[in-house]
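Take a look at the structure below.
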Amino acid sequence: MDLRANIARQLTGAIALAAAAAAFPAAAAEHTITMKGVNYQPSVIDAKVGDTLKFVNDDGTDHNVFVPTKGFGADLGMQKSGAATELKLVRLGTFEVECVVHPHMLLKVNVSK
Amino acid sequence: MMKISSRPECTRLVAFAVASLASLHAYAGPERIAYPTEYQTTFVNYNQIERPDRKPPQIRFMYATRDAVAAARANAPTPEGAILIMEDRAVKLSADGQPERDANGRFIASDKVLNVFVQQKGRGWGEAYPPEKRNGDWEYAWFNADGSRRENAKFDGCFACHQSRAGRDFTFTFIKWVNDGKP
């Protein structure tokens, strides 16, 4: 009887946890992108609406975070070596990030629900 | 074949060439570009770029003349006389000073225009500049909201930055927008 009661309690707890997980979506994530060697690293990010991209200039020269894609357009300005900037992801879709100074620096961001 | 028969004639020719080059340089610059009135209603507003780093935040409206759009979509060179505009606007701010956002999470622009930057292409305009500075045949100008020229504006930064996008006809957003196939 005790064993049955124990299993029932554990099941109830598991169901409650699952219900709680379903009710509250996963916490927003932060994705860090570095710039060392005049490259965005990683070069592709799969993220969700509400996540944040954190750009860390760990390179020895100035860089920039510029989004030319229509519907996502943003320019975070010049970023000195050692500085960090953030971009909050507010809508679904795919966009590209470029460095204004170094055109070969490219990042693709896929944003899903 | 033309022969230069005497030293005075040769000297005159050289002087003429020098004067011509000098005049080209004299006319290079933002004065080549007139303020494009009615651009807000006659040009294509093809993109908006948020500037969250500005204090207070701004949004840039990007415009292009219709002939520039038609040519780019036909994969043809941007025609002479084509004009691209980058218009800085203030954004609407909430009571706590944060930018108001639309249903897509984008900044909402106010009607307050802060700057009007113009990039225009003219026949042979680039010849006035050395290769290390030249942006094809594009020239730049900076206007205030009322159409007056911005005092003491410098344009070396325009040339230097746009040169990095020579592969897109010296534009950051225009050719990119066409290539992306966005409406």
Open item on the list: Of everything in segment B:84-106, what is farther than 24 Å from residue B:158 by Cβ, among the hydrophobic types (A, V, I, L, M, F, W, C) and within 14 Å of chain A (Cβ to nearest Cβ)? Give them in sequence order.
Closed with: B:103
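Among the candidates B:83, B:49, B:59, single out the residue that is touching a residue at least 40 places away in the same chain (Cβ under 8 Å) and touching a helix residue (DSSP H, G or I) at 6+ places or on another chain (Cβ under 8 Å).
Details: B:49 fails: touching a helix residue (DSSP H, G or I) at 6+ places or on another chain (Cβ under 8 Å); B:59 fails: touching a helix residue (DSSP H, G or I) at 6+ places or on another chain (Cβ under 8 Å).
Among B:83, B:49, B:59, only B:83 is touching a residue at least 40 places away in the same chain (Cβ under 8 Å) and touching a helix residue (DSSP H, G or I) at 6+ places or on another chain (Cβ under 8 Å).
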Task: Which listed residue is among the acidic types (Asp, Glu), more than 14 Å from chain A (Cβ to nearest Cβ) and assigned to a loop (DSSP other than H, G, I, E, B), from B:139, B:151 - done: B:151
TODO: Please enumerate the residues belonging to segment B:49-80 that are of a type in the set (Val, Ile, Thr), under 30 Å from residue A:90 (Cβ atoms) and either touching a Lys or Arg at 6+ places or on another chain (Cβ under 6 Å) or outside any helix (DSSP H, G or I) (or both).
DONE: B:49, B:59
TODO: Output the qualifying pairs, or none if there are none: Cβ atoms under 8 angstrom, residues six or more apart or on different chains, first residue in segment A:39-63 and assigned to a loop (DSSP other than H, G, I, E, B), second residue acidic (Asp, Glu).
DONE: A:51/A:30
Task: Filter result for the condition that a residue is at pLDDT 95 or above, facing chain A (nearest Cβ under 10 Å) and in contact with a Cys (Cβ under 9 Å, 6 or more places away or on another chain), over B:172, B:117 - done: B:172
Open item on the list: On the basis of being away from every other protein chain (no Cβ under 12 Å), surrounded by 16 or more Cβ atoms within 10 Å (Cβ to Cβ) and more than 13 Å from the chain's Cα centre (by Cα), does residue A:64 make the cut?
Closed with: no
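The values are calculated or read from the model by the stated rules, or taken from the named source; none is laboratory data. What you see is a predicted model, and the numbers here were worked out from it, not measured in a lab. Cβ: placed from backbone, ideal geometry, glycine included. Neighbour counts: every protein chain shown.
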